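Have a look at the structure below before the remarks.
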Amino acid sequence: MKRFPYIPHTEEDIKEMMKVIGINDIKELYKDIPELFDGELNIPESKSEIEVKRELLELSKRTTNLENYAMFRGAGIYKHYVPSAVYQLSTKRNFLTAYTPYQAEVSQGTLQALYEFQTAICEITGMEVANSSMYDGGTAVAEAILMASRVNRKHKALVAKSIHPEYIEVSKTYTESQNIEIELIDYDEKTGKINLEDLKSKIDENTSSVVISYPNFFGIIENIKQIKEILPEKVLLIVNAYPIALGLLEAPGNLGADIVVGEGQSLGNYMSFGGPTFGFFASKQKYIRQMPGRIIGETIDADGKRGFVMVLQTREQHIRRARATSNICSNHALMAVIASVYLSIIGREGLKEIAYQNYQKAHYLAKKLIESEKFDPVFEGEFFNEFVIKPRFDLEVFNKKLLEEKYIGPLNLGKFFEDKKNYALFCSTELNTKEEIDYLISKVGEIDEIDF
Amino acid sequence: MKLIFEKDKSGRTAFSLPKLDVPETKIELEEELLRKKEPSLPQVHELEIVRHYNELERKNHSVDSGFYPLGSCTMKYNPMLNEEMANLFNNIHPYLEEEHIQGALELMYNLQKYLGEITGMDAVTLQPAAGAHGELTGMLIVRKYIEDNGYTNKTKVILPDSAHGTNPASAKMAGFDVVEVKSGPDGRVDLEEFKKVMDDSVAAIMLTNPNTLGLFEKDILEMAKLAHEHNALLYYDGANLNAIMGKVRPGDMGFDIVHLNLHKTFSTPHGMGGPGSGPVGVKEKLKDYLPKPIVDINEEGKYYLNYNIPKSIGRLRTFYGNFSVMVRAYTYILMMGKEGLKFASEMAVLNANYLRKKLEKEFKIAYNEICKHEFIIDGTFLKEYGVKTLDFAKRLLDYGIHPPTIYFPLIVHEAMMIEPTETESKEELDHFIDVMHKILEEAKTNPEILKEAPVNTPVRRLNETVANKQLKLRG
């Protein structure tokens, strides 16, 4: 009998157990299944740990690990510093190998960690309540649109064209079948901010929500307050926020946001090829019963001691079934806890300092690039740590050149915007040194201009 | 225990950054957009944080700390190798040029292929982030398919009354009306009842097989035939796949769409409730509806992200799904191989039946016959001792065992759903059997012990009413 490291059964065990069941052959356990399949899967035979490791190492070698790369690309996933303690603490095996806290008494670790996560999210977004995470930033936006529609029973979402293009795609996929219409709002070609006139003209009595990003996909900081002032009272303002920026920028909750969501990857999570990450989701307390996902609340035990449980479960699919606020079941609890550990480590001062450094590094980079006279500025709006500029040369050639030096250059906006081919979306974080930035600038000098 | 926020002390820190090395720029931003008040994140030192999370970790039961027979959740062991392999891919950005992500794409391509083979499906997307997310993907594919074929009258999705709650919720999110079909006295979908609800207005039928009672739907071929005669699609909820790998494939049973839960069947950690990963497989005729992108290979043997899927339902999440969960599942599949996956299923079913047999004398087993990887105790008999399934479950905690899933499926009163998985040894099962009998004895002789339970846990029984009435959702 072939043996496997994860299966403990000995031949003797199997015999004894079969005897208890009253069968002579394992096949008898499957006798109620029609003979449809010969039982020979067309996948490789089992391998040893050494062989599997070799195979995975080989695959990883053909995938560019950015650990020792200078990174100037963001566009939704960011390379921020992850303090050593974050990973070691958040991936402890009693966190990693536990499941949904269905038995609260033996899940207080999970529950308190998620309660602390909710608290931290409320603090940085300036909102009253938060859930314990969504799948990612895109699904958080989509669910926010659905939630707004449940709140005001209106069916049109006005979504800024300047939010992450993939979030728009996800939102469309999520809402189409629920008869929610998504209409896009232009951005101002001059500032890069949402076009307020366009927004005004598209608001009607069917408008449920307005979705903007803060900063937006071009890195530009939208004026939430101005946008909120335009909106009729019943229209909900959904702000998709970049949490690192909230160390510098006013909390969306203080500027009139009704729902604040966002991609949480940058809070201590690795880039992981884009997943798993997590979405955060916060709102005003009065909308709590329309919120999707798991929510953790404080309570007391039989001795009056503080403890935590899942609350408002009657909103959820396992109770409400077809009438649930969402079908979400597994969220991204581990990623949320990673964020919670991260935020505890950096603290309020750290968040402020990281945000400040991101701003400064990106502005230094932008200034130097413009000064090189090989780039033209694109938007006038103020930016945080990402910005768009237009190179006077072929961006792909430049990026290839950078790669040879272990530098990841900017994203070519042509990937998402037909009218922005060869526009560069640069990003800089606390991890970029002045030396790196200066070196990148020196590389610009080596590139020949082409007329575009 | 205190919240981390309650350990805050200004002047402390667990964090340091290099000194800003670039010349400073004055921040040019409207005053109203500048943060006035710092968020109240805690200022603590590193050792405090280490102790905080150590203490929290100790308050969790996990697969690593003990038996976790949570029915329907498949809490099998999560191999250490999986974690190490996943970490190889931590520092990969999703928007790197394709020649720099060939290894990652190859892994995804192979995983798509293997999962297609295991389920008997022709094409697979790895994009969905969890099982329920996969269900939504599947239901949206159904929707697009019926629209394309002009089946304007198809508005309903049928599912059994024993279905997971995510099934009706997902069908509803995709815009369908949900029709429940009753289970028969044998715990399977009643074929006669099924015929009554099956007509041309049905877009899809959602089933898991084996079902949530751990029983194989013996009429599946007949149901599939009926469904297809009415141009309805058959959707397979893969939550229970761990019972049948290498034994029978959903695709061969007539299913058109399948979702899998990588975190269940393929040994990836459940992470306290996520991340999961919910790949969806479909038959050839539905291939063009999959979310984009999927991973393909071209004539030169280069892997690429294929966005050219004209009928695609769109995109269900950003980037490509929970990649690092995929790495873990892929590692597991390589370790187990075709014979190991089959053996895993057999041993999962063996373990479940062993427990069932050992418990049947003293406990009332709902539908007591050969089951698949899980079975259900009907706890109504506990009433005569004045206790409930909940009390019984809480007492298990005192013995260091995570209770089975309770009060699900809804069609069994006082249900206790036991799924041991293949990674538990006979010794561990025997210990569980002893504890079950011990608690039953306590119920008979001193039921107060159960009602007072748990007593050996970090907190005693928690007051859910208070938690829901006086909502306190943040520190």
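Using DSSP to call loops (not H, G, I, E or B), can you name the GluC sites (Glu not before Pro) in the stretch A:322-373 whose Cβ has at most 11 other Cβ atoms within 10 angstrom?
On the way: sites: A:Glu349, A:Glu353, A:Glu371, A:Glu373; in loops: A:Glu373.
Answer by residue number: A:Glu373.
Mind checking B:364-370 for the average number of partner chain beta-carbons within 10 Å of each residue's beta-carbon? Spell out each step's value before the answer.
On the way: counts 0, 0, 0, 0, 0, 1, 8.
The mean count of partner-chain Cβ atoms within 10 Å per residue comes to 1.
For the stretch A:180-217, the residues whose amide N sits under 17 Å from a probe point set 7 Å from the Cα of A:Arg153 along the beta carbon direction are A:180, A:205-209.
Viscosity 1.567 mPa s, temperature 4 °C: Stokes-Einstein D of the stretch A:141-215 from its Kirkwood Cα radius, in µm² per second?
Details: Rh = 12.3 Å.
Approximately 105 µm²/s, per Stokes-Einstein.
Per residue, how large is the accessible surface of the stretch B:77-201? Use a 1.4 angstrom probe and give square angstrom.
On the way: 3670 Å² over 125 residues.
For the stretch B:77-201, the per-residue accessible area is 29 Å².
Rounded to the nearest 500, what is the 222 nm mean residue ellipticity of chain B from helices alone, with -39500 (n - 2.57) per DSSP H run of 4+ residues and division by all residues? My calculation for chain B gives -11000 deg cm²/dmol from helical runs alone. Of the Cα atoms belonging to the stretch A:357-452, the radius of gyration and Dmax stand at 12.4, 35 Å.
Between the Cα long axis of helix A:137-152 and the first principal axis of chain A there is an angle of about 90°, rounded to the nearest 10. Counting Cβ atoms of other protein chains within 10 Å of each Cβ in A:113-125 and taking the mean gives 5.
Here's the picture: a label point sits 7 Å out from the Cα of B:Asp252 along the beta-carbon direction, and within the stretch B:308-349 the residues with their amide nitrogen under 17 Å of it are B:338-346. Modelled label positions at B:Lys113 and B:Leu17, each set 7 Å beyond Cα in the direction of Cβ, lie 4.6 nm from each other. Once you put a point 7 Å from the Cα of A:Asp25 and another 7 Å from the Cα of A:Thr433, both along the Cβ direction, what distance in nm separates them? For A:Asp25 paired with A:Thr433, the spin-label model returns 6.9 nm.
What is the sum of charges, Lys and Arg at +1 and Asp and Glu at -1, for the other residues whose Cβ falls under 13 Å from the Cβ of B:Val181?
Values: positive: B:Lys156, B:Lys182, B:Arg188, B:Lys195, B:Lys196; negative: B:Asp161, B:Glu180, B:Asp190, B:Glu192, B:Glu193, B:Asp199, B:Glu217, B:Asp219.
Within the 13 Å Cβ shell, the charges total -3.
Using only Cα atoms, figure out Rg for the stretch B:293-447 and give it as a multiple of 2.2 N^0.38 Å. Please list the in-between numbers first.
Numbers: Rg = 22.1 Å, N = 155, 2.2 N^0.38 = 15.0 Å.
Here the answer is 1.48, to two decimals.
Based on DSSP, what percent of beta bridges with both residues in the stretch B:166-264 are antiparallel, to the nearest 5?
Looking only at bridges with both residues in the stretch B:166-264, the antiparallel portion is about 10 percent.
Tally Lys/Arg at +1 and Asp/Glu at -1 over every other residue whose Cβ is under 15 Å from the Cβ of A:Glu382; what's the total? Could you put the intermediate results ahead of the total?
Working: positive: A:Lys190, A:Lys193, A:Lys225, A:Lys367, B:Lys26, B:Arg35; negative: A:Asp188, A:Glu222, A:Glu250, A:Glu380, A:Glu386, B:Glu28, B:Glu30, B:Glu31, B:Glu32.
Around A:Glu382, the surrounding residues sum to -3.
Three semi-axes describe the equivalent ellipsoid of the stretch A:1-105; taken as square roots of 5 times the Cα gyration tensor eigenvalues and ordered largest first, they are 43, 23, 16 Å.
The residues of chain A expose on average 34 square angstrom of accessible surface per residue, using a 1.4 Å probe on protein heavy atoms.
The contact residues of the stretch B:454-475, meaning those that lose at least 50 Å² of 1.4 Å-probe accessible area when all protein chains sit together rather than their chain alone, are B:Val459, B:Arg460, B:Leu462, B:Ala467, B:Asn468, B:Leu471, B:Lys472, B:Leu473, B:Arg474.
Working from Cα pairs under 8 Å separated by at least six residues, relative contact order for chain B is 18 percent.
For the peptides B:387-394, B:12-19, A:262-269, residues were scored by their other Cβ atoms within 10 Å and the scores averaged per peptide; the highest-first order is A:262-269, B:387-394, B:12-19. A simple spin-label model places pseudo-atoms 7 Å from Cα toward Cβ; at B:Lys469 and B:Arg58 they are separated by 3.4 nm.
When the helices of chain A are scored as -39500 (n - 2.57) per DSSP H run of n ≥ 4 and the total is divided over every residue, the value at 222 nm lands at -11000 deg cm²/dmol. For the stretch B:176-293, the equivalent ellipsoid derived from the alpha-carbon gyration tensor has semi-axes of 25, 18, 13 Å in decreasing order.
Quote the FRET efficiency, to the nearest 0.05, computed for B:Lys444 versus B:Lys2 with a Förster distance R0 of 41 Å and r equal to the Cβ-Cβ distance.
Taking R0 as 41 Å, the efficiency between B:Lys444 and B:Lys2 is 0.50.
In terms of its C-alpha gyration tensor, the stretch B:27-125 comes out oblate, because a/c is 1.5 or above while a/b does not outweigh b/c. At an R0 of 35 angstrom, the distance between the Cβ atoms of B:Glu38 and A:Lys390 translates into a FRET efficiency of 0.45. Which residues among the stretch A:288-307 fall inside the zone where the amide N is under 15 Å from a point 7 Å beyond the Cα of A:Arg323, along Cα→Cβ? Output list for this probe position: A:290.
For the stretch B:305-364, the gyration tensor built on C-alpha atoms gives a prolate shape. Its axis ratio a/c (a ≥ b ≥ c) is at least 1.5, and a/b is the larger of a/b and b/c.
Shielding of peptide B:342-352 by partners, expressed as the average count of other chain Cβ atoms within 10 Å per residue Cβ, is 5.
Relative to the longest principal axis of the Cα atoms of chain A, the long axis of helix A:333-371 makes an angle of roughly 30 degrees. Projected onto planes of every orientation and averaged, the convex hull of the alpha-carbon atoms in chain B covers 28.9 nm².
On the protein heavy atoms, probe 1.4 angstrom, tell me the percent of accessible surface of chain B carried by carbon and sulfur.
On the way: 7170 of 15400 Å².
Here carbon and sulfur together make up 47 percent of the probe-accessible area.
Looking at the stretch A:146-265, what % of its DSSP beta bridges pair antiparallel, to the nearest 5?
On the way: 1 of 19 bridges.
Antiparallel bridges: around 5 percent, rounded to the nearest 5.
Surface composition of the stretch A:153-281: carbon plus sulfur atoms hold 42% of the accessible area, using a 1.4 angstrom probe and ignoring ligands, DNA and RNA. Net charge in the neighbourhood of A:Phe280 (other residues with Cβ under 11 Å of its Cβ; Lys, Arg +1, Asp, Glu -1) is -2.
More than 22 Å apart: what percent of Cα pairs in the stretch A:261-374 qualify? Tail fraction, whole percent: 56. Buried accessible surface for the A/B chain pair comes to about 18200 Å², total over both chains, computed with a 1.4 Å probe. Segment B:Glu299..B:Asp434, full-extension length gain: 42.6 nm, with 0.36 nm per residue of separation and the alpha-carbon distance subtracted.
Between B:Glu28 and A:Glu371, what FRET efficiency follows from the Cβ-Cβ distance if R0 is 30 Å, with the result rounded to 0.05?
Numbers: r = 17 Å, r/R0 = 0.58.
About 0.95, to the nearest 0.05.
Compared with the dominant principal axis of the Cα atoms in chain A, helix A:108-125 is inclined by about 10°. Only Cα sites of the protein assembly as shown enter the Debye sum here, all with the same form factor; the resulting log10 I(q)/I(0) across q = 0.05, 0.10 1/Å is -0.27, -1.14, listed in q order.
When the Cα gyration tensor is reduced to axis lengths a ≥ b ≥ c, the ratio a/c is 1.5 or higher for the stretch B:253-381, and with a/b above b/c it is classed as prolate.
The values are calculated or read from the model by the stated rules, or taken from the named source; none is laboratory data. The structure displayed is predicted, hence computed values, not measured ones. Neighbour counts are summed over all protein chains in view; Cβ atoms, including those assigned to glycine, are modelled from backbone coordinates with ideal geometry. Remember, those area values only see protein heavy atoms, side chains included, never the ligands or the DNA or RNA. Shrake-Rupley method; radii C 1.70, N 1.55, O 1.52, S 1.80 Å.
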